[in-house]
Amino acid sequence: MGEISEACCSSSFDAETMRKNKVGIKRLFITLSLLFSFILGAPFLLKTIEIYRSPLPFSEIDTLSTSIESNPVWFPCSFQAVYVGFDHTYTSANSNEIGFSIESQMREFAPSSGVCGACSDNFSVSVTIDSASSCSRGLWKCGALDGLKLEKNAADLDNEVDEYLKAVLGTGEEKVYTVVVVNKDDENGVRAVVGKYRHAWIVGNFGKEEAEKRIAEIFMKVFVNGGRDEWTIPGEFMPVGADGKVVLSFNLLNADPRDWIYDWDLQEIDQTLLAPIMKALKVVADVSVESQVLYHTPKSSLSHWDDQRKSQIFSIKDLPFFVNSYEWHLDTSTAAGGRSKILQFVVYVPSAKECPLSLQLPDGEISATNGFISPMWGGVVVWNSPSCLQGSDSSHAFRHKISHEEIRTIFETFVGQLRQLFGLKSDEVYFGASGLTFLLASDRGFSEWELDVLSRQHTCFNLVQCGTTLGSLSRLVQSLPRMIITDEIGKQVKFSLEAASLALSNASIGSFDAAAVSSRQARSLAEDAFYHPSMMSVSYYSFEHCFAVYSPFFLPVSLHVLLAVLREFKRYKQESKKYVAWLAKTK
């Protein structure tokens, strides 16, 4: 009977739908282990291709850029008007009324909309009355001008008066712009002079409205805007490099050394004339000086002989072709490859066949300086050799030195060209709506009030450039998620923002010099971050590019492992069903 039962059960077993033994999980475990090893290795793979990105303060950058764009950088300015020798109608009781009237006149000279780098529109004018019947004391010492001769035609006394007013007004930390108006009968009219410091004086006989208008014009058009008619700051208005440095490169060019050879000694000029200029401009730029002598450097333009003037003539229309870029090898400075600005100042010594060489102005007259400037490049002065009238012979081939007097005259012309390159007037006269105003020239090349103008405008320009550069950097970094951002870039951005905030703070309290220095640092750091070598690298790429590179290596293997797991899991389920069917059959 037992044999009959076993045979019956064997005849009812279906090998395709049943199995007698339990399904093992060894094969499933091996395939799952292989899959999990791939999954666990994925983070390590991503770590190996990870791009390091130092966190940048994007919100602070956006705040700074928006603030600078929407709110022009303004400086608080202090103004003082001093009336000396006026009649009894000018008393300390109505000094406030006179001050309000001058403020009203100043707003008429001011632009309709706020200009970055100018004085804020909430300025006030303090008025001091110094007369026999009334004396209101302020920063001005009453009776200070007693005994000082202020005559209209006494141009020789201008420097003396300027120094005297400097001693009276003092040079404290607070920068106050002062106009002293002296009532004096003079049939020749009115004489207005702006000194080398932060004061001006007007001598003459005029009415109340005329005096207020003249004072207001000197305040706004001269002290605030530097004597320029336009109020806007052009794009690259100041020849200062992105790193805040300027290199003054002085070049002596001998057009044809077969005629004559000239050399120079700049050591004394460097100490007496250039050193004060470098010190004066230290606030807005780090200035350095270099020089060289070149030979075989003909000009590119042509000139023609003028029998009447007995000279070779080149005109204004020839200036764009004067500089010979192919043979004037001027960019030999070590700073030529960096971000420093190089201003080229060229002394051109013409050859014998084109000597003497003179520049003809549009009105037909010959230029007194015989020189010209090229904006953002530099200036050229044509210096005619004393040997021009003697002709050319072998003796001229010996080396000569330009005399000290000639060098000084040439460099005085260069100083005027440098002033023009910095956006200031090269002459000593300002033609305003209310009349002529004389501007005293400083031994340093730049007056204190002119340096204030440069500091304010340079601060504004630097902050605008800083905000623009950091904003561009922020947008660039956010648009490229796999761009490398080193810690050095992060620190430069952080320090740039701190310097910009400090510059804005200094500007708000009227610290012109400190604001200019901080803004220069802010712009320099922003430029350093934007042009960092790692930012120029080709190692950053999009995630799609990364996937396209690595997928041919890992995708086929991963796909086979995944398919093997699916097949093994499917087999495990099928075999488990067979075992369950067998158990159900045996019960």
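The values are calculated or read from the model by the stated rules, or taken from the named source; none is laboratory data. On a predicted model such as this, the values are computed, not experimentally measured, just so you know. FYI the Cβ positions are ideal-geometry reconstructions off the backbone, even for glycines, and counts take in every protein chain you see. Areas reflect the complete protein model, heavy atoms only, side chains present, ligands, DNA and RNA absent. Shrake-Rupley method; radii C 1.70, N 1.55, O 1.52, S 1.80 Å.
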- request: Read through the list (1) modelled with pLDDT of 80 or more; (2) acidic (Asp, Glu); (3) loosely packed, with under 10 Cβ neighbours inside 10 Å, then give the number of the only condition that Glu60 fails.
  value: (3)
task: Restrict the check to the stretch 253-261 and report whether at least one residue is open to solvent by 20 Å² or more (accessible area, probe 1.4 Å) and part of a helix (DSSP H, G or I).
output: no
From the options Lys317, Lys279, residue that is within 30 Å of Ala522 (Cα to Cα), open to solvent by 40 Å² or more (accessible area, probe 1.4 Å) and either part of a loop (DSSP other than H, G, I, E, B) or charged (D, E, K, R) (or both): Lys279
query: Is there a residue in the stretch 95-110 that is more than 36 Å from the chain's Cα centre (by Cα), at pLDDT 80 or above, open to solvent by 30 Å² or more (accessible area, probe 1.4 Å) and β-branched (Val, Ile, Thr)?
result: no
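Look through the stretch 441-460, keep the residues that are of a type in the set (S, T, N, Q) and open to solvent by less than 20 Å² (accessible area, probe 1.4 Å), and return whichever of them is nearest to Asp162 (Cα to Cα).
The initial filter retains those residues of the stretch 441-460 that are of a type in the set (S, T, N, Q), namely 442, 447, 455, 457, 459.
Add one more test, that the residue is open to solvent by less than 20 Å² (accessible area, probe 1.4 Å), and what stays is 447, 455, 457, 459.
On the way: Ser447: 12, Ser455: 23, Gln457: 26, Thr459: 28 Å.
Out of the qualifying residues, it is Ser447.
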message: Just to be sure before I move on: is Val464 under 21 Å from Val224 (Cβ atoms), among the β-branched types (Val, Ile, Thr), open to solvent by 50 Å² or more (accessible area, probe 1.4 Å) and out of contact with any His (no Cβ under 9 Å at 6 or more places or on another chain) in the structure I sent?
response: yes
- line: Pairs returned, first residue in the stretch 403-432 that is closer than 27 Å to Asn384 by Cβ and in contact (Cβ under 8 Å) with a residue 60 or more places away in the chain, second residue that is in a strand (DSSP E or B) and open to solvent by 50 Å² or more (accessible area, probe 1.4 Å), beta-carbon separation under 8 angstrom, 6 or more apart or interchain, are Gln417/Ile373; Leu421/Ile373
query: Of the residues Phe543, Phe512, Phe554, which single one is open to solvent by 80 Å² or more (accessible area, probe 1.4 Å), over 30 Å from Ile25 (Cα atoms), at pLDDT below 90 and not charged (D, E, K, R)?
result: Phe543
query: Of the conditions (1) in a helix (DSSP H, G or I); (2) modelled with pLDDT of 80 or more, Asp156 fails just one. Which one is it?
result: (2)
- prompt: Is it fair to say Phe438 is in contact (Cβ under 8 Å) with a residue 12 or more places away in the chain, open to solvent by less than 10 Å² (accessible area, probe 1.4 Å) and aromatic (Phe, Trp, Tyr)?
  reply: no
query: Applying the selection to the stretch 282-306, what residues are part of a strand (DSSP E or B), of a type in the set (Gly, Ala, Ser) and more than 32 Å from the chain's Cα centre (by Cα)?
result: none
field: Number of the exception - Gly244 against (1) in contact with a Lys or Arg (Cβ under 9 Å, 6 or more places away or on another chain); (2) buried (at least 21 other Cβ atoms within 10 Å of the Cβ); (3) farther than 30 Å from Pro375 by Cα; (4) not basic (Lys, Arg)
entry: (3)
- prompt: What single numbered condition from (1) surrounded by 15 or more Cβ atoms within 10 Å (Cβ to Cβ); (2) farther than 30 Å from Leu35 by Cα; (3) not aromatic (Phe, Trp, Tyr) fails to hold for Ala564?
  reply: (2)
